1. Restricting the search to the stretch 123-158, which residues are buried (at least 16 other Cβ atoms within 10 Å of the Cβ) and either on the phi > 0 side of the Ramachandran plot or of a type in the set (A, V, I, L, M, F, W, C) (or both)?
2. For the condition without any contact (Cβ under 8 Å) to a residue 12 or more places away in the chain, assigned by TED's automatic domain parsing to the domain that holds PRO15, farther than 22 Å from PRO15 by Cβ and not aromatic (Phe, Trp, Tyr), what is the one hit in ALA98, ALA104, ALA58, ALA80?
3. Within the stretch 159-168, how many residues turn out to be without any contact (Cβ under 8 Å) to a residue 24 or more places away in the chain and either within 19 Å of the chain's Cα centre (by Cα) or surrounded by fewer than 15 Cβ atoms within 10 Å (Cβ to Cβ) (or both)?
4. State whether one or more residues within the stretch 87-104 are assigned to a strand (DSSP E or B) and either modelled with pLDDT of 95 or more or aliphatic (A, V, I, L, M) (or both).
5. Just a yes or no: is a residue in the stretch 88-111 on the phi > 0 side of the Ramachandran plot and not acidic (Asp, Glu)?
6. Please work out which residue is surrounded by the most Cβ atoms within 10 Å (Cβ to Cβ), limiting yourself to the stretch 1-45 and to residues that are polar (S, T, N, Q) and in contact with a strand residue (DSSP E or B) (Cβ under 7 Å, 6 or more places away or on another chain).
7. Please work out if ILE175 is surrounded by 12 or more Cβ atoms within 10 Å (Cβ to Cβ) and under 30 Å from ILE85 (Cα atoms).
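The values are calculated or read from the model by the stated rules, or taken from the named source; none is laboratory data. All values derive from a computational prediction rather than experimental measurement. We place every Cβ from the backbone using ideal geometry, glycine too, and count neighbours over all the protein chains shown.
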Amino acid sequence: MKIPGVTVQELMAIPELKEAKVLSGEQGLNRVVRFIDIMEVPDLKGWIREGVLLMTTAYSIRHEPEVLCQIIQLLHQGCAAALAIKPTRFLTEIPRSALEASNACGLPMIEIPADIPYTDITQRVMDMVLNRQAELLRRSEGIYRTLTTMVLENSGIQAVSDNIAELLKAPVALIDNGGQAIVTSPQGWDWMKAQDSRYFPINVDKRTVAKLVIARNELDDMEQVGIEQARLVMRWN
């Protein structure tokens, strides 16, 4: 599972960013921030991490503002979360090409007031990310205890499947390697007719013995935790 994080939309609600504004790429506000970094040089090839929020004063590109468009493309290709920029000190304006590139790929570009220290933002962001990780750990342990108790009490694979379906608020099915349903929740659900389903292998000794089918295409961090724990428990059945 990927490192948990917080969405750009959630970050825009913190007091430290109350004066910040989204310049472009608003459709990408659901991107997840997992790291935060500061751009010192414009050459980012090989340095972009998935989920990074990159902050910059644009000092390194003050004489070549058009390079901002290339930076946005590199960030998008590297699955970055967003670009936060303080343009007022070194750039007279954001190039239109950069705004268009941001809108085209859905990478949010956020203008930060020049008087907000980077440390205020980085500290708050990392606190939020760490809190989210701790929350997921607690949730993971709780789900695992619940499912494990059901197995130990011989509640049956149907009860385990029903619990997972309730957790995910979506139909689920456990199918064997021949494509036959071992159990479905709700019972009788025709998983083969479901659209936008996702498949997760159930492995024992490096062999796939079954697959867990979830009638959901998009899953958040909490739901991913539930699925990972369900896969562990279903190996015992």
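1. Correct list: VAL125, MET128, VAL129, LEU136, ILE143, LEU147, MET150, VAL151, ILE157.
2. Values: ALA98 fails: without any contact (Cβ under 8 Å) to a residue 12 or more places away in the chain; ALA58 fails: without any contact (Cβ under 8 Å) to a residue 12 or more places away in the chain; ALA80 fails: without any contact (Cβ under 8 Å) to a residue 12 or more places away in the chain.
Answer to the selection: ALA104.
3. Final tally of qualifying residues: 1.
4. Looking for residues that are assigned to a strand (DSSP E or B) and either modelled with pLDDT of 95 or more or aliphatic (A, V, I, L, M) (or both), one finds none in the stretch 87-104, hence no.
5. yes
6. SER24
7. Details: surrounded by 12 or more Cβ atoms within 10 Å (Cβ to Cβ): yes; under 30 Å from ILE85 (Cα atoms): no.
Judged against the criteria, ILE175 is not a match.
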